[in-house]
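For reference, the structure discussed in these notes is given below.
Readers should treat all values here as calculations from the given coordinates under stated rules, not as data from a laboratory. Everything numeric here is computed off the predicted structure, so don't read it as measured data. So basically every Cβ, Gly included, is an ideal-geometry build from the backbone, and we count neighbours across all protein chains shown.
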Amino acid sequence: MKLKSQINHVIKEAFSKANIDEEPISVSESTKPEFGDYQFNGAMALSKKLRKNPREIAQQIIDNLDLTHVIVKAEIAGPGFINLWLDPLWVASLCETARNDERLSVAKRESPIKVVVDYSGPNMAKQMHVGHLRSTIIGDTLANLLTFLGDEVIRQNHIGDWGTQFGMLIAYLEEKGEDGSVSLKDLEQFYKDAKGRFDADEDFANKAREYVVKIQSGDAQCLELWQKFIDISLGHCEEVYDKLNVKLTRDDVRAESFYNDDLGSVIKDLETKGTLQESDGAQCVFLEGDEIPVIVQKGDGGYLYATTDLSALRYRANTLGAKRISYVVDARQGGHFKQVFRVAKEAGFVAEDVKLEHIAFGTMMDKGGKPFKTRDGGTVKLIDLLDEAVVKAKAAIKDKDEYSELEVEDLAKIIGIGAVKYADLSINRESNYIFNWDKMLSFEGNTSLYMQYAYARIQSIFRRFDADIKGGIIIGDALEQRLAVMLLRFEDVLERAALDAAPNQITTYLYDLVTLFMRFYEQNPILKEGVDEATKMSRLQLADLTAKTIKQGLDILGIQVVNRL
Ligand code: ARG
């Protein structure tokens with residue numbers, strides 16, 4: 001239900017009746033209840049063009065406004081704002097329809113497109129650390145959101161499985177004389193030890209480099225060991241994905257190595273287009289206005305991160321057929337993507353109409369505003385952080401004896417992981433954010449617990465009301481009207497969030513919705529004695545649609561609800 005466009009349509013009709021030959025700007029949600037449900041603020045901008053006082057224009061629009069349905073009241077305010085009140089009967093019937101629809105009246109796109117979402121992309125041979133959290137969950141949310149709206153989403157996990165570190169690991173394996181099964185169990189330590197050797201001993205480092213060449217030239221034995229490292233590393237990642245309730249699978253992995261065979265042709269094609277230049281022995285693309293060129297091949301013949309991304313871009317646009325390619329990657333890689341996107345477009349690797357975007361995000365900070373680290377200054381392993389979240393959530397569950405041990409365990413997982421994800425997704429992704437356990441595990445404020453609690457509370461109403469709902473929704477007062485209108489905004493919010501790739505627009509909406517619901521519930525009792533039958537039925541439906549909307553919203557964020565809390 002695209003609420004705004006329905007209201008815009010009525011305004012447009014008024015424009016043509018009033019012979020205003022302009023495209024009206026979109027209405028916006030009113031900032032205060034006394035300003036109605038929506039506002040039209042376009043009269044001021046028209047005043048210059050039409051050489052008329054904006055209040056006069058506003059009056060002219062209102063005089064031609066159809067007030068029989070959709071909008072029932074319109075008032076001029078201030079210099080020429082138009083405040084609009086929606087028809088409660090219309091609003092009520094739309095809410096009824098939404099409640100009875102499993103998609104909550106959110107339409108599937110009429111012309112869906114193929115979208116590649118590139119996210120997570122951890123580097124192999126190391127465990128995932130907190131730096132991977134944001135890419136993984138923002139990317140997953142975007143993928144869920146676009147899928148829900150009807151696009152054909154292709155998830156791509158561009159793991160870093162190719163590079164000099166693997167030569168180092170194999171050299172260390174050889175040195176220790178192991179077959180690759182024992183020590184690999186603790187890959188993290190193994191990596192550190194190998195790195196220590198690499199930095200300390202020139203002979204070892206040279207060996208490692210030799211192995212790199214061997215892997216790259218396809219030496220079977222080396223490749224087998226390499227594959228083993230990758231399998232173990234990916235196993236670690238999958239454990240994390242599973243804990244995070246993130247939908248990435250092995251099928252979504254298109255590793256850096258996947259593009260190896262194409263890299264030579266990337267260089268050749270750039271050369272044919274005449275964009276390639278040699279500089280200090282390296283093959284580069286110089287972009288107009290950029291000082292630093294994009295290096296695509298080193299003097300020794302080796303390829304770079306950018307080369308692989310160029311190959312990936314044309315695979316995604318041409319083989320997969322994507323019309324939108326979204327990279328959910330740390331803001332610090334902004335320069336890289338800007339350049340790579342430009343090269344790809346200028347070289348014609350990707351058609352003009354394909355939308356390439358870097359969905360950048362900031363860094364996770366500790367309470368003191370420094371990048372998040374362990375007490376001894378190391379990087380925090382993601383898996384440890386998630387386990388800690390579950391432990392902390394368990395402590396936060398109040399009436400533990402009401403649940404079985406297994407239930408407490410499940411509940412703690414849902415609450416703890418939900419809290420970590422929600423805290424991250426609820427801030428503007430481009431800012432850095434402060435990681436704060438106490439804040440994220442609070443029942444109050446813009447937290448997942450607040451949403452989960454509201455959901456559970458509504459479920460408890462339905463446990464007490466054990467009958468069929470009859471009759472329709474009757475908007476009884478201004479608060480009910482606001483709640484109903486808020487519920488109908490869901491699709492507009494999702495569409496906007498998808499366009500901006502902004503999960504925090506969804507959380508902000510959920511927070512506003514739940515806050516409004518809590519007030520409604522306090523002031524408008526549902527099952528209390530003395531509430532007449534029709535009112536009770538109506539309020540039950542509003543509560544039910546609220547719960548369904550919370551659930552659907554959280555589901556897009558990859559956060560679960562619980563029936564009791
Ligand atoms: N492996 C990279 C890193 O850890 C992220 C990959 C992002 N995706 C891409 N197509 N470059 O920084």
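If we sort 380-392, 102-114 on the protection proxy, mean other Cβ atoms within 10 Å, highest first, what's the order? Please report the intermediate quantities before stating the final value.
Details: 380-392: 17.7, 102-114: 13.8.
Ranked from most to least packed, the peptides come out as 380-392, 102-114.
Place a label point 7 angstrom from the Cα of Glu278 along the Cα-to-Cβ direction, then list the residues of segment 290-314 whose backbone nitrogen is under 14 Å away.
So the set is 297-301.
Give me D for segment 181-334 in µm² s⁻¹, whole number, from Stokes-Einstein with Rh from the Kirkwood sum over alpha-carbon pairs, 4 °C and 1.567 mPa s.
Values: Rh = 18.6 Å.
It diffuses with D of about 70 µm²/s by this estimate.
How far apart, in nm, are the 7 Å Cα→Cβ label points at Thr363 and Asp262?
Distance between the two pseudo-spin positions: 3.3 nm.
Amide H neighbours of Arg429 under 5 Å, counting only residues 5+ apart in sequence or on other chains, H built in-plane at 1.01 Å?
Under 5 Å from the amide H of Arg429: Asn504.
At 0.36 nm per residue, minus the direct Cα-Cα distance, what do Asp410 and Ser28 gain on full extension? Give it in nm, one decimal, please.
133.4 nm
Can you give the FRET efficiency for Ile113 and Asp376, using 1/(1 + (r/R0)^6), R0 = 56 Å, r = Cβ-Cβ distance, to the nearest 0.05? Intermediate values should be presented prior to the final figure.
Details: r = 47 Å, r/R0 = 0.85.
Calculated transfer efficiency: 0.75.
Could you check how many percent of all C-alpha pairs in the chain are farther apart than 42 Å? Before the final figure, lay out the partial values.
On the way: 55647 of 159330 pairs.
Across the chain, Cα pairs with separations above 42 Å total 35 percent.
Summing Lys, Arg as +1 and Asp, Glu as -1, what charge do residues with Cβ under 12 Å from the Cβ of Arg482 carry, Arg482 excluded?
Net charge in that neighbourhood comes out at -3.
Which far-off residues, 5 or more places away or on another chain, put their amide H under 5 Å from the one on Leu287, with H placed in the peptide plane?
Val294
Figure the gain on full extension for Asp290 and Asp101 (residue separation times 0.36 nm, minus the Cα-Cα span) and round it to one decimal in nm.
Working: separation 189, 0.36 × 189 = 68.04 nm, distance 5.22 nm.
Computed gain between Asp290 and Asp101 is 62.8 nm.
Taking just the alpha-carbon atoms of segment 456-565, what radius of gyration and Dmax come out, in angstrom?
Here Rg and the maximum Cα pair distance are 14.5, 47 Å.
Determine, for Cys284, Cys222, Cys95, the number of other Cβ atoms within 10 Å of each Cβ, and report the residues in order from fewest to most.
On the way: Cys284 18, Cys222 21, Cys95 28.
Least to most surrounded, the residues fall as Cys284, Cys222, Cys95.
For labels at Leu50 and Asp384 in the simple 7 Å Cα→Cβ model, what's the distance in nm?
My value for the distance between the label points is 6.5 nm.
Taking the Cα centre of the chain as origin, sum charge times position over the Cβ atoms of Lys and Arg (+1) and Asp and Glu (-1), and report the length of that vector in debye to the nearest 20.
Values: 71 positive and 89 negative charges, 295 e Å.
The calculated dipole for the chain is roughly 1420 debye.
How far is the Cα center of segment 377-400 from the Cα center of segment 24-83, in Å?
Distance between centres, Cα-based: 51 Å.
With labels modelled as points extended 7 Å from the Cα through the Cβ direction, what inter-label distance (nm, one decimal) is found for Val391 paired with Lys298?
With each label placed 7 Å out from Cα toward Cβ, I get 4.1 nm.
Would you mind calculating the relative contact order of the chain from Cα pairs under 8 angstrom and at least 6 residues apart, reporting the percent as a whole number?
Values: 861 pairs, mean separation 89.0, N = 565.
Here the relative contact order equals 16 percent.
Given a cut-off of under 8 Å on Cα pairs at least six residues apart, what relative contact order in percent is computed for segment 288-366?
With pairs under 8 Å counted, the relative contact order is 33 percent.
Can you tell me what percent of all Cα-Cα pairs in segment 299-340 are more than 12 Å apart?
Numbers: 568 of 861 pairs.
The share of Cα pairs beyond 12 Å in segment 299-340 comes to 66 percent.
What is the extension gain from Asn563 to Lys400, computed as 0.36 nm multiplied by their sequence separation minus the C-alpha to C-alpha distance, in nm to one decimal?
Working: separation 163, 0.36 × 163 = 58.68 nm, distance 1.51 nm.
Between Asn563 and Lys400, full extension yields 57.2 nm more.
Select from Pro503, Gly377, Ser217 the residue farthest towards the positive end of the dipole of the chain; place +1 on Cβ of Lys and Arg, -1 on Cβ of Asp and Glu, and compute about the Cα centre.
Highest projection toward the positive end goes to Pro503.
Segment 492-565 to segment 192-223: how many Å between their Cα centroids?
With segment 492-565 and segment 192-223 each reduced to a Cα centre, they are spaced 56 Å.
What residues qualify as long-range amide H neighbours of Gly163, i.e. H under 5 Å apart, gap of 5 or more or another chain, H built at 1.01 Å from N?
none
For segment 472-559, what does the relative contact order come out to in percent, with C-alpha contacts under 8 Å and a separation of six or more? Could the numbers behind the result be given before it?
Working: 52 pairs, mean separation 37.5, N = 88.
Across segment 472-559, relative contact order equals 43 percent.
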